[in-house]
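Laboratory data are not the source of any read-out in this text; all were calculated from the coordinates shown. Fair warning: this is a prediction, and the values are worked out from it, not measured in the lab. Note: ideal-geometry Cβ built from the backbone for every residue, glycine included; neighbour counts use all protein chains shown.
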């Protein structure tokens, strides 16, 4: 379970990146955060990962305060970034092996790694290929494999489908559905309103650091989510 | 956790072009140095077999050490032979016993000790200059830090791994 209570972040230059964010993502729930660039989506993820300290409020992972006990909290979270960066001189399997061990999975075999690669749709001939020869989409798949193999209860995704071709993005969404069935709590920050509509159980729209609206599946399916989103963005322009 | 960071660091470095280049540099310089020192050692052996023809002189010669192939020590600064005349109490060619050639002190013999002091200090620097900022620039540090591993462990693991790599060199 992921929880933000009055979470705020003001950077040293005075910019209020996140203003009193309150959200709760239950087990087996996908929460999509929509918003323009600089709306505070990535700041939210960075606060959950304790990469930055909050100015106010608390971020909790499985009821553990990430600022008080970051190492314990990080045992229960996986992360996939917009642009997965891995060790170029290592093969996909070696990268997965290293990060699996860091995630506490120390007794996995080569076949276990291959199974995860097959699950995310990575081609067989790429398993032992060096990462520097991989396309962005392939790297995203390895990044997702790392998140899956950790088997954490919570997953943070920062624009994971950016730059993926439609087929790869659709495969990605299928994996997210499987993860939801496994009762994972998933927070996905994205610009892709159509993907959000397709996969989310709840959608939140962020604007200038504030979570201005939250709609559950029934609500955003009955309303026109695109219109709601664009109205908020238009206000921003005006 | 520390073990995996050390393993990864060693594995990553060993297959990197930089490490292969440094390894080659070490092999070449050490081979060159050993060859030169061996030649000097042979010369010293030949000098050692020199005998004075003057019956009034006693020749005292320092025997070249086998290990001088690797480390020259102070032998370059010290005289190798001392000739005593039977009629004199003082050695004839002892001068001060120490060669004060400043040029030689500025450019000492390229023995193994010199290589360890100079070359290996440089190698340590080349190996370690981007330990953390390299990971940060590559973006991998962020992914490591999403796991339950402290920054201290990462730095310590990298330090140990690079010490091991330097020892291998």
> Once Rh for the protein assembly as shown is found with the Kirkwood sum over Cα pairs, what is the Stokes-Einstein diffusion coefficient at 10 °C and 1.306 mPa s, in µm²/s?
Replying inline: 61
> Picking from A:93, A:177, A:119, which is most flexible by a Gaussian network model of chain A using Cα springs under 10 Å?
Replying inline: A:119
> Mind checking the angle between helix A:92-102 and chain A's longest principal axis? C-alpha axes, 0 to 90 degrees, to the nearest 10.
Replying inline: 70
>> Give me the percent relative contact order of chain A, please, defined on Cα pairs under 8 angstrom at least 6 residues apart.
In response: 28
>> Using only the alpha-carbon atoms, how far is helix A:110-120 inclined from the longest principal axis of chain A? Give it as 0 to 90 degrees, nearest 10.
In response: 40
>> Once each part is reduced to its C-alpha centroid, what is the distance from segment A:1-15 to segment A:149-218 in angstrom?
In response: 21
> Taking R0 as 60 Å, what's the FRET efficiency between residue A:37 and residue A:109 from their Cβ-Cβ distance, rounded to 0.05?
Replying inline: 0.90
> Hey, what angle do you get for helix A:225-237 against the long axis of chain A, alpha-carbon based, 0 to 90 degrees rounded to 10?
Replying inline: 60
>> If Rh is defined by the Kirkwood formula over all Cα pairs and Rg also comes from Cα, what ratio Rg/Rh do you get for chain A?
In response: 0.97
> Quick one: Cα centre-to-centre distance for segment A:72-90 and segment A:128-144, in angstrom?
Replying inline: 13
> Which residue fluctuates the most in chain A, going by a Gaussian network model with Cα springs under 10 Å, if the choices are A:113, A:11, A:79?
Replying inline: A:11
